Amino acid sequence: MEKRCLTRYNADEFILRNEGLQLMNRRLFAASTAACIVVTAVYPMTSLAAVNMDLKKKVVGMAGIMNVTNTEKNVTRAEYAKMVVLASPYGSSVPPEGSSSVFADVGKDHAYASYIKTAVEKGYMTGYLGGVFKPDQNVTLQDAVRGILALLGYKDEDFAGSQAGGRISQYRFLKLDENVNREAAELLARRDCINLFYNLLKTKPKDGGDIYGKLFGCELTSDGEINPLKMADNGLKGPKLVRSKRSLSSYIPFKLDKANVFINGESSTVSALKDAVESGGAVLLYYHPGSKSIWAYTEDSSDSRRGIVRGTVSNIYYTSVDVMSPSAVMLEESGEQYLLTSSEMQFAFSMYGNVRVGDTVTLVYEKTVKEDGTETYTVLDYLED
């Protein structure tokens, strides 16, 4: 039987749980998701714009608003209807299937029927003359702005004269256009929607109060950005070690087709995750129910920065300077040393922790390649068999 380790892997931060001896009152969640890493000391910064997009993808993905992959793909009106509803207070109450046909071109069995119905009923989107919605037509900025402003509490009567023009003006006044370089009639790609919804989460509603993102547990940092580490307080579940070809549904409590998936720190797909599980190798899973995000780590991860390794602890190393805090652990099967640099991991492998020589463990590690080509491995989390 697997024993729950004292710590939970929160991708960038780990929180020590010492059965009453020491508790940290918040679990910092950073998932990463590699596509969403924000700690530049861990992930080398290629450019400020790239890092900002990584942060935005993490925040929007964790909020459960949209899948943050395929960022250059255009967004259809049906897809946007789903996004805007999931960004609303009604996102969790939308039935999975439509109960009636609202538009002539959207039958009740349409995959997005319920979202389209809700989006129109709440004023986030409108149909066209003739009773059609045009679900497969790509969404324009003008379409999207209507929904974003409606979420913030703005109504038709707030825009005198040209409704469309008034909305675009208000959208720009509220700085919802930050990094969304589109004109009103231009089509939006997923990247534009990520920026748009991220800006929404930072904005205060029409009636004032806290930022809209408070609905998703968002908090602003001192520089006015959303801190993704605060979004999933106590929400991350795992680790769960999958060592058989059992269905993923027995491990994950939400529908996989709605999941944001990351494998070994890289943005991935549900299909790739299923392949990894069905290959028969060990896969370590973490998931967050609120954002429907899954982080998987595999043993076959030689080309990735992160992965897992399973084996028997053959040595726990201490330095002569500090004989209380272990500095590294070696696994018999791999013959590699895995560095223990955080206080949480040092405690877990110390004389006060759970792990002893001879125990079988699964380590989540991060690989660093030095300039001379040598590699070092740092333990991020562990699971003891």
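The values are calculated or read from the model by the stated rules, or taken from the named source; none is laboratory data. In this text, all values refer to a predicted model and were calculated from it rather than measured experimentally. Reconstructed Cβ throughout: ideal geometry from the backbone, glycine too, with neighbour counts over all protein chains shown. Surface areas here come from the heavy atoms of the whole protein model, side chains and all, with no ligands, DNA or RNA. Shrake-Rupley method; radii C 1.70, N 1.55, O 1.52, S 1.80 Å.
Each row is one residue, and each column tells you yes or no for (1) open to solvent by 30 Å² or more (accessible area, probe 1.4 Å); (2) over 17 Å from Val60 (Cα atoms); (3) in a strand (DSSP E or B); (4) touching a Pro at 6+ places or on another chain (Cβ under 6 Å).
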{"position": "Asn179", "(1), (2), (3), (4)": "yes, no, no, no"}
{"position": "Ala185", "(1), (2), (3), (4)": "yes, yes, no, no"}
{"position": "Ser249", "(1), (2), (3), (4)": "yes, yes, no, no"}
{"position": "Ile252", "(1), (2), (3), (4)": "no, yes, no, no"}
{"position": "Val261", "(1), (2), (3), (4)": "no, no, yes, no"}
{"position": "Ala272", "(1), (2), (3), (4)": "yes, yes, no, no"}
{"position": "Gly280", "(1), (2), (3), (4)": "yes, yes, no, no"}
{"position": "Tyr287", "(1), (2), (3), (4)": "no, no, yes, no"}
> Of all residues in the range 190-211, which are over 15 Å from Lys56 (Cα atoms) and of a type outside the set (Val, Ile, Thr)?
Replying inline: Lys204, Pro205, Lys206, Asp207, Gly208, Gly209, Asp210
>> For a quick check of your reading of the model, give me the residue pairs whose first member lies in the range 116-132 and is farther than 15 Å from Tyr154 by Cα and modelled with pLDDT under 95, whose second is open to solvent by 60 Å² or more (accessible area, probe 1.4 Å) and not in a loop (DSSP other than H, G, I, E, B), with beta-carbon atoms closer than 7 Å and at least 6 apart or on different chains.
In response: none
> Looking only at the range 336-366, which residues are of a type in the set (D, E, K, R) and open to solvent by less than 30 Å² (accessible area, probe 1.4 Å)?
Replying inline: Glu344, Glu366
> Residues in the range 234-281 that are charged (D, E, K, R) and touching a Ser or Thr at 6+ places or on another chain (Cβ under 7 Å): how many?
Replying inline: 1
>> Kindly evaluate Arg146 against the criterion of being touching a Ser or Thr at 6+ places or on another chain (Cβ under 6 Å) and closer than 24 Å to Gly64 by Cβ.
In response: no
>> Give all pairs with beta carbons closer than 8 Å in which a residue from the range 166-183 that is under 14 Å from Thr140 (Cβ atoms) meets a residue that is of a type outside the set (A, V, I, L, M) and assigned to a loop (DSSP other than H, G, I, E, B); count only pairs at least 6 apart in sequence or on separate chains.
In response: Arg167/Tyr154; Arg167/Phe159; Tyr171/Asp177
>> If I filter the range 60-77 down to residues being closer than 18 Å to Ala259 by Cα and assigned to a helix (DSSP H, G or I), which single residue comes out as modelled with the lowest pLDDT?
In response: Met62
>> Taking the condition of being surrounded by fewer than 18 Cβ atoms within 10 Å (Cβ to Cβ) and under 25 Å from Val277 (Cβ atoms), how many residues in the range 312-335 meet it?
In response: 3
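Could you check the range 100-176 for helices (runs of 4 or more DSSP H) lying wholly inside it with 1 or more residues that are more than 20 Å from Tyr90 (Cα to Cα), open to solvent by 60 Å² or more (accessible area, probe 1.4 Å) and touching a Phe, Trp or Tyr at 6+ places or on another chain (Cβ under 6 Å)?
Details: elements: 113-121, 141-151, 163-173.
By residue number, no helices (runs of 4 or more DSSP H) qualify.
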